[in-house]
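S.K.: I have a structure here, written as structure tokens, and I will follow up with some questions on it.
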Amino acid sequence: MIGTNYHFGFIGLGLIGGSIARALKNVYPDCTITAFSRTLAPLELAKSDGNVDNITTSIDADSFGRCDYIFLCTPVQYISSYFMKLKDIINPSCTVTDVGSVKGYVYDAAVSAGLESNYIGGHPMAGSEKTGYANSSAILLENAYYIITPTPLTRHEVLDEYVAIVRSIGSIPIVMDCRTHDHSVAGISHLPHLIAGSLVNLVHDCDSGDGLMKRLAAGGFKDITRIASSSPEMWEQICMTNTSAILELLDAYINSLTDIRNNLAEHNEGYIYNMFERSSEYRNSISDASKGFVPQAYLLHLDIADREGAIASVATLLAANSISIKNIGIVHNREFEHGALCMEFYNDESRTLAAKLLKANNYSLC
Ligand SMILES: NC(=O)C1=CN([C@@H]2O[C@H](COP(=O)(O)OP(=O)(O)OC[C@H]3O[C@@H](n4cnc5c(N)ncnc54)[C@H](O)[C@@H]3O)[C@@H](O)[C@H]2O)C=CC1
Ligand SMILES: O=C(O)C(=O)Cc1ccc(O)cc1
């Protein structure tokens, strides 16, 4: 049963830990949050902005013994070191979870510490190249996939409650085993970070003394290298703990680069054309079928008169027809220079109904 007065514990309160703590505090205002981190600064900030109730400089039964859930939110290798510290102090019904980008390594550590029945792995598939509590936000994980990796000893009702909590903060839970997770994220996240980092270093090393390449670096280069600015500490630990899955994909990638190199050297234009044709088709299908980490939002844009009560009339019309609005606001951007009312719905069916109703009432959609 999902409760309202949970006691949540956090070890590590940076970008991801801070974002989860903020979201939980919004959804469960009666909950208690206790946090520990490597340094005091983020803890003091979180206490002063009201997202954390208790800050602590030690991990013991007093600080973490009453927690219903403990979120481990440090870089991956440090996560594994906390199981031993928690083992003898947690409440037997406490769920210990983590947000690490690698799941098999953390699962093995939980098993070694004898916490297999308390541990459920977690990995929010959202974030950024930025770090720290100061960059955290309650909406960072909204509408993002949140991978959940139970163990063979996880009880159904415990898993169900954890899934419900993940859903309650606006994320989209997906349950899978930790090895499937590690293989998939090696391809869509870990290898791309290695490629971005190595490409940036290559350009740095090949640039002329006056930094011409750096000055000219524009759209495409910046698009595919944003993640090269990510935390070296975090990414070193990801690479050191998901090594075999990454190596498998890295070897396949090196082979594909060698093929490209050889075909280019032979001026094999058909090969190069096909390579880009295939990649373009697949890339377009990704943005069509899903928004990657961010799933589709069900939006409608409406031209409305700039007069008092205009937004209220639209909201009342939809409410009278039992159509719930998830978000509503005015957008001003290049697409809607004069401003448009943007509404987000919970699903495609509500969006279609709303569009029909608004048109029938002489509103114009844009
Ligand atoms: N940054 C991202 O976009 C995402 C990161 N992750 C995972 O989330 C975890 C945390 O990453 P971020 O929040 O981005 O990093 P971050 O650097 O913003 O936060 C990490 C926090 O843990 C603290 N910390 C570091 N070592 C510690 C230790 N030994 N003991 C206690 N506290 C310690 C730091 O002081 C900091 O407050 C990592 O395991 C990462 O793989 C998962 C999804 C997305
Ligand atoms: O900034 C980005 O695009 C990311 O890729 C963020 C990210 C980093 C690590 C993860 O395990 C998941 C997501």
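The values are calculated or read from the model by the stated rules, or taken from the named source; none is laboratory data. Note that the coordinates shown come from a computational prediction; the quantities given were computed from them, not determined experimentally. Quick reminder, even Gly has a Cβ in these numbers, built from the backbone with ideal geometry, and neighbours come from all protein chains shown. What goes into the accessible areas is simple: the full protein's heavy atoms, side chains included, and nothing from ligands, DNA or RNA. Shrake-Rupley method; radii C 1.70, N 1.55, O 1.52, S 1.80 Å.
S.K.: Just to check your reading of the model, which residue among Val158, Val163, Val175 is farther than 24 Å from Leu45 by Cα and in contact with a helix residue (DSSP H, G or I) (Cβ under 8 Å, 6 or more places away or on another chain)?
M.R.: Numbers: Val158 fails: in contact with a helix residue (DSSP H, G or I) (Cβ under 8 Å, 6 or more places away or on another chain); Val163 fails: in contact with a helix residue (DSSP H, G or I) (Cβ under 8 Å, 6 or more places away or on another chain).
It is Val175.
S.K.: Which of the residues belonging to segment 74-96 are away from ligand 1 (no atom under 12 Å from the Cβ) and open to solvent by less than 20 Å² (accessible area, probe 1.4 Å)?
M.R.: The answer is Phe83, Leu86, Cys94, Thr95, Val96.
S.K.: A follow-up question, please. Mind checking which residues of segment 129-142 are near ligand 2 (Cβ under 10 Å from one of its atoms) and open to solvent by 50 Å² or more (accessible area, probe 1.4 Å)?
M.R.: Across segment 129-142, the qualifying residue is only Lys130.
S.K.: So for segment 176-186 (the condition being more than 30 Å from Leu257 (Cβ to Cβ), charged (D, E, K, R) and in contact (Cβ under 8 Å) with a residue 40 or more places away in the chain), does at least one residue qualify? Explain how you work it out, then say what you get.
M.R.: Of segment 176-186, the ones more than 30 Å from Leu257 (Cβ to Cβ) are 177.
Still in the running and charged (D, E, K, R): 177.
Pick out the ones that are also in contact (Cβ under 8 Å) with a residue 40 or more places away in the chain and you get none.
Scanning segment 176-186 turns up no residue that is more than 30 Å from Leu257 (Cβ to Cβ), charged (D, E, K, R) and in contact (Cβ under 8 Å) with a residue 40 or more places away in the chain.
S.K.: Of everything in segment 70-105, what is within 16 Å of ligand 2 (Cβ to nearest atom), hydrophobic (A, V, I, L, M, F, W, C) and farther than 21 Å from Cys31 by Cβ? Give them in sequence order.
M.R.: Val76, Ile79, Val102
S.K.: Does segment 87-99 hold any residues that are out of contact with any Asp or Glu (no Cβ under 8 Å at 6 or more places or on another chain) and within 24 Å of Tyr146 (Cα to Cα), and which are they?
M.R.: Just the residues of segment 87-99 that are out of contact with any Asp or Glu (no Cβ under 8 Å at 6 or more places or on another chain), to begin with: 87-88, 90, 92, 96-99.
Result: Val96, Thr97, Asp98, Val99.
S.K.: Every residue in segment 1-48 that is part of a loop (DSSP other than H, G, I, E, B) and modelled with pLDDT of 95 or more, please. Reasoning before the result, please.
M.R.: So the first thing to find is which residues in segment 1-48 are part of a loop (DSSP other than H, G, I, E, B), and the list is 1-6, 12-14, 28-31, 37-40.
Within segment 1-48, Tyr6, Gly12, Leu13, Gly14, Tyr28, Pro29, Asp30, Cys31, Ser37, Arg38, Thr39, Leu40 qualify.
S.K.: Anything in segment 106-123 that is open to solvent by 10 Å² or more (accessible area, probe 1.4 Å) and within 13 Å of ligand 2 (Cβ to nearest atom)? List them, or say none. Break it down into steps so the answer makes sense when it comes.
M.R.: So the first thing to find is which residues in segment 106-123 are open to solvent by 10 Å² or more (accessible area, probe 1.4 Å), and the list is 107-109, 111-112, 114, 116-118, 123.
Result: His123, single match.
S.K.: Kindly state which helices (runs of 4 or more DSSP H) lie completely within segment 198-273 and contain at least 3 residues that are among the charged types (D, E, K, R).
M.R.: Values: elements: 212-216, 219-225, 232-241, 243-265.
Helices (runs of 4 or more DSSP H) meeting the threshold: 243-265.
S.K.: How many residues are among the small types (Gly, Ala, Ser), in contact (Cβ under 8 Å) with a residue 12 or more places away in the chain and closer than 25 Å to Leu249 by Cα when one looks only at segment 193-219?
M.R.: So the count comes out to 2.
Yes/no matrix, rows are residues, columns are (1) outside any helix (DSSP H, G or I); (2) over 23 Å from Ser37 (Cβ atoms); (3) out of contact with any Leu (no Cβ under 8 Å at 6 or more places or on another chain):
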residue	(1), (2), (3)
Leu115	yes, no, no
Glu129	yes, no, yes
Pro152	yes, yes, yes
His181	no, yes, yes
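S.K.: Please specify each residue of segment 178-214 satisfying the condition of being in contact with a Gly (Cβ under 9 Å, 6 or more places away or on another chain) and surrounded by 14 or more Cβ atoms within 10 Å (Cβ to Cβ).
M.R.: Answer for segment 178-214, where residues must be in contact with a Gly (Cβ under 9 Å, 6 or more places away or on another chain) and surrounded by 14 or more Cβ atoms within 10 Å (Cβ to Cβ): Cys178, His181, Asp182.
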